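*Asks:* Right, I'll just put the structure down here and ask away after.
Please treat every number below as a calculation from the coordinates, not as lab data. Keep in mind that this is a model prediction, so the values were computed, not measured. With ideal geometry, Cβ positions are generated from the backbone for all residues, glycine too; neighbour counts draw on all protein chains shown.
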Amino acid sequence: MRGAQSAQARIRCAYDPPVASGLAPIGVFAFKRPLHLAKALESLAGNPEFLQSPLYIFCDGARRDSERADVERVREVARQCPHAAKVVVEQPQNLGLARSIVSGVSDLCARHGTAIVIEDDLTLSPLFLRYTNDALDRYRDADRVMQVSGHIFPRRITSRNDAVMLPMTTTYGWATWKRAWDHFDISMSGRARLAANPALRNQFDLDGACPYWEMLENQVKGQVDSWGIKWYLSVFMRQGLVVFPTETLVAHEFDGTGTHLTVPQLRRQVFRTAPVTRWPPASPDEQAYAEMKRFMRRDRSLPVRFARFVAAKLARIGVRSAAPSSAS
């Protein structure tokens, strides 16, 4: 699948991006919002590591004729990005966000062994690339750590460290290793164990804090098209962990133009201002996990609106919905 998609894509680059810098490749995924892509790239450019990082901009194809002008504007923004070692991948047909992410991350991991993943509606802190690269280096051989998250919900985390380990995934500005992504279970084979074990399903739902099982069932029924719920299932079934900063390094645009919709609480998030230097061990932080579950349980509208409001809204225009940000 990956090879076929790469062969179909039109790639614009003078040469392959260098890998000698030791920095992880950045994959930026865009579709039809040129101003969003420009803002995301501008925020990335505020990171000192940006110009030394291999950069791939994946531009999805149009679904219909009315989208072609915006899709072409996105590609022009990508082509004009002042980065000497960029690759612009222009898909001739629409893959959709899920297929685009899965194929792009798989390709980056195969080429480089790691991948940093950015969608075009994100704004990144100037500390984001330092954090993700440091985390990728620090936990490279920690098999249980399967993802690095740059985003965390607006919940005060009590910790002696600048980051915490949690048994939950994210889709807002993240990174991973080939050794972890190789366990991505696109067929959702772990679902059978959840279906047979109510206690395991409850754990999958963060002890009732988020309806992930419902999202997984909707994915099986074809009511959503989400790579994120499959990734979370893959990580969960291996008892995997994700490293999160105690304060977010990623913000999200909230103008209603995206495939996914979020809620106003996340608009008020402020970036962490100090580098992450105190790293946690590769074991779950139970206190931080309890705090996150209390936050999500207290305002269940956070995950529920992601799934249900988007489904209802997009159903009216004939588009299948996607799952919320922590498993979209």
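*Asks:* Can you give me the Rg/Rh ratio for region 201-252, using Cα atoms for both radii and the Kirkwood formula for Rh? Before the final figure, lay out the partial values.
*Replies:* Numbers: Rg = 12.7 Å, Rh = 12.4 Å.
Radius of gyration over Kirkwood radius for region 201-252 works out to 1.02.
*Asks:* Shifting gears a bit: Based on Cα coordinates alone, diagonalise the gyration tensor for region 42-88, multiply each eigenvalue by 5, take square roots, and list the semi-axes in whole Å, largest first.
*Replies:* After scaling each eigenvalue by five and taking roots: 25, 10, 8 Å.
*Asks:* Continuing with this model, one more query. Distance in nm between label sites at Ala195 and Arg144, each 7 Å beyond Cα in the beta-carbon direction?
*Replies:* Placing both labels 7 Å beyond Cα along the Cβ direction yields 3.0 nm.
*Asks:* Also, I was wondering about something else. Considering amide H positions built from the backbone, and no H for Pro or chain starts, which residues 5 or more places from Thr123, or on another chain, come under 5 Å of its amide H?
*Replies:* Ala251, His252, Glu253
*Asks:* Could the peptides 78-85, 43-50 be put in order, highest first, of the mean number of other beta-carbon atoms found within 10 Å of their residues?
*Replies:* The peptides rank, most packed first, as 43-50, 78-85.
*Asks:* At 37 °C and 0.692 mPa s, grab the translational diffusion coefficient of region 13-122 from Stokes-Einstein with a Kirkwood Rh over Cα pairs, rounded to a whole number in µm² per second.
*Replies:* Diffusion coefficient, whole number: 236 µm²/s.
*Asks:* What list of whole percents do you get for P(r) of region 140-202, with Cα-Cα distances grouped in 10 Å bins up to the one holding the largest distance?
*Replies:* With 10 Å bins starting at 0, P(r) equals 16, 39, 35, 10.
*Asks:* Return the Rg/Rh ratio of region 124-171 with Cα-based radii and a Kirkwood Rh. Don't jump to the answer; show the numbers that get you there.
*Replies:* Numbers: Rg = 11.2 Å, Rh = 12.0 Å.
On the Cα set of region 124-171, Rg over Rh gives 0.93.
*Asks:* Another question, then. Based only on Cα atoms, what mean projected area does the convex hull of region 96-206 have, in nm²?
*Replies:* 8.7
*Asks:* For the pair Arg179 and Asp65, how long in nm is the line joining their label points, each one 7 Å along Cα→Cβ?
*Replies:* Going by the 7 Å Cα→Cβ label model, 5.3 nm.
*Asks:* May I pose another question? In Å, what Kirkwood hydrodynamic radius results for region 58-157 from the alpha-carbon pair distances?
*Replies:* After inverting the pairwise mean of 1/r, the radius is 15.9 Å.
*Asks:* If you don't mind, another one. Place the peptides 118-127, 208-217, 271-280 in order of packing, highest mean first, counting for every residue the other Cβ atoms within 10 Å and averaging per peptide.
*Replies:* Listed from highest to lowest mean packing, they are 118-127, 208-217, 271-280.
*Asks:* Using modelled amide H (1.01 Å from N, peptide plane; none on Pro or chain starts), what sits under 5 Å from the amide H of Leu241, excluding residues fewer than 5 places away?
*Replies:* Result for Leu241 returns Val145, Met146, Gln147.
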